[in-house]
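A short reminder: the numbers here are calculations on the coordinates, not readings from a lab. Please read these numbers as outputs of a predicted model, since none were measured by experiment. Using ideal geometry, Cβ is built from the backbone for each residue, glycine included, and neighbour counts are taken over all protein chains shown.
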């Protein structure tokens with residue numbers, strides 16, 4: 001007999017609402033509870049698609065406190081969907097802890113395919129896609145320079161996330177460790193009206209973003225080290 005799914009991990013659009021899948025909508029309509037990183041953001045998405053479901057807050061500040069109760073409820077037969085503000089939960093977003101605890105408890109988890117910012121940014125860069133390393137968000141302070149020094153020797157394509165107010169500083173540090181001519185590609189506001197991808201040598205990319213006000217979520221793709 002097919003095992004009942006206790007938790008569905010449901011990717012949501014990173015910008016354009018039209019990028020949600022038909023199956024994602026079906027799952028969101030069928031579950032008992034939707035766990036949302038921000039109930040206001042997810043509430044707007046559900047309202048757009050005329051889905052009326054109970055929303056419960058689930059984020060990095062409360063996941064350790066609520067995970068045990070959620071597991072108990074799933075064991076009792078309730079089905080849940082996990083969504084983040086944008087993209088696939090667990091990828092630089094809450095989700096890992098809950099998924100791990102579900103599996104430990106013998107519950108069945110299913111992750112739907114769907115939007116994530118790193119893949120469009122990687123493909124848009126024109127850099128090799130057969131081998132790449134994803135580092136998520138770089139450390140804010142401690143360990144950042146050590147990590148950049150290590151990544152400077154990486155021969156695979158490198159992908160990192162960054163916030164708009166830290167972009168220029170991060171590009172300056174990358175220039176220090178990777179050199180002026182290492183090629184990078186910066187994508188922001190992916191799938192949205194003001195989407196932009198700017199690709200070139202680090203020095204040129206840095207100047208470009210120094211001269212403008214940077215907004216939106218950022219993905220930086222760095223070409224691997226060449227012999």
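Given an 8 Å cut-off on Cα distances and at least 6 residues of separation, report the relative contact order of the chain as a percent.
Working: 404 pairs, mean separation 49.1, N = 227.
Result for the chain is 22 percent.
Viscosity 0.890 mPa s, temperature 25 °C: give me the Stokes-Einstein translational D for region 5-111 in µm²/s, with Rh taken as the Kirkwood radius over C-alpha pairs. If you can, show how the numbers build up before the last one.
On the way: Rh = 13.6 Å.
Diffusion coefficient, whole number: 180 µm²/s.
Pulled fully out, how much extra length does the chain show between residue 196 and residue 38, if you take 0.36 nm times their separation in residues and subtract their Cα-Cα distance? Don't skip to the end; give the middle numbers.
On the way: separation 158, 0.36 × 158 = 56.88 nm, distance 2.59 nm.
Extending this stretch completely gives an extra 54.3 nm.
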Determine the gain in length on full extension of the stretch residue 180-residue 64; use 0.36 nm per residue of separation and subtract their C-alpha separation, reporting nm with one decimal. 37.4 nm
Running a GNM on the chain with Cα contacts under 10 Å, which residue among 119, 34, 159 ends up with the highest mean-square fluctuation? 119
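Arranged from highest to lowest average of other beta-carbon atoms within 10 Å per residue, in what order do the peptides 23-30, 9-16 appear?
Ranked by mean Cβ neighbours within 10 Å, highest first: 9-16, 23-30.
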If you take every DSSP beta bridge fully contained in region 118-222, what fraction is antiparallel? Give it as a percent rounded to 5. 80
Within region 118-154, find all residues whose amide N lies under 11 Å from a label point positioned 7 Å from the Cα of residue 225 along Cα-to-beta-carbon. 149-154
Between 0 and 90°, nearest 10: helix 167-178 axis offset from the chain longest Cα axis: 60
I'd like the distance between the alpha-carbon centres of region 166-227 and region 109-135, rounded to an integer number of Å. 17
I want to verify a result. In a Gaussian network model of the chain, Cα cutoff 10 Å, which of these has the top mean-square fluctuation: 82, 206, 147? 147
Pull up the DSSP beta bridges for the chain and report the antiparallel fraction as a percent, rounded to 5. 45
Determine the calculated [θ] at 222 nm for the chain from helices alone, applying -39500 (n - 2.57) to every DSSP H run no shorter than 4 residues and normalising by the residue count; nearest 500 deg cm²/dmol. -10000 deg cm²/dmol
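From the C-alpha coordinates alone, can you work out the Kirkwood hydrodynamic radius of the chain, in Å?
Values: mean 1/r = 0.0525 Å⁻¹.
In the chain this quantity evaluates to 19.1 Å.
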Note the direction-averaged projected area, equal to a quarter of the hull surface, for the Cα convex hull of region 79-133, in nm². 4.9
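Take the alpha carbon gyration tensor of region 118-222, find the square roots of its eigenvalues, order them as a ≥ b ≥ c, and report rounded if a/c is under 1.5; if not, report prolate when a/b exceeds b/c, else oblate. Write out the running numbers ahead of the final one.
Working: a/c = 1.41, a/b = 1.15, b/c = 1.22.
It comes out rounded by the Cα gyration axes.
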I'd like the distance separating the alpha-carbon centroids of region 32-46 and region 148-162, in whole Å. 34
Selected from 52, 187, 42 as most flexible by GNM, with the chain as the system and alpha-carbon contacts under 10 Å: 52
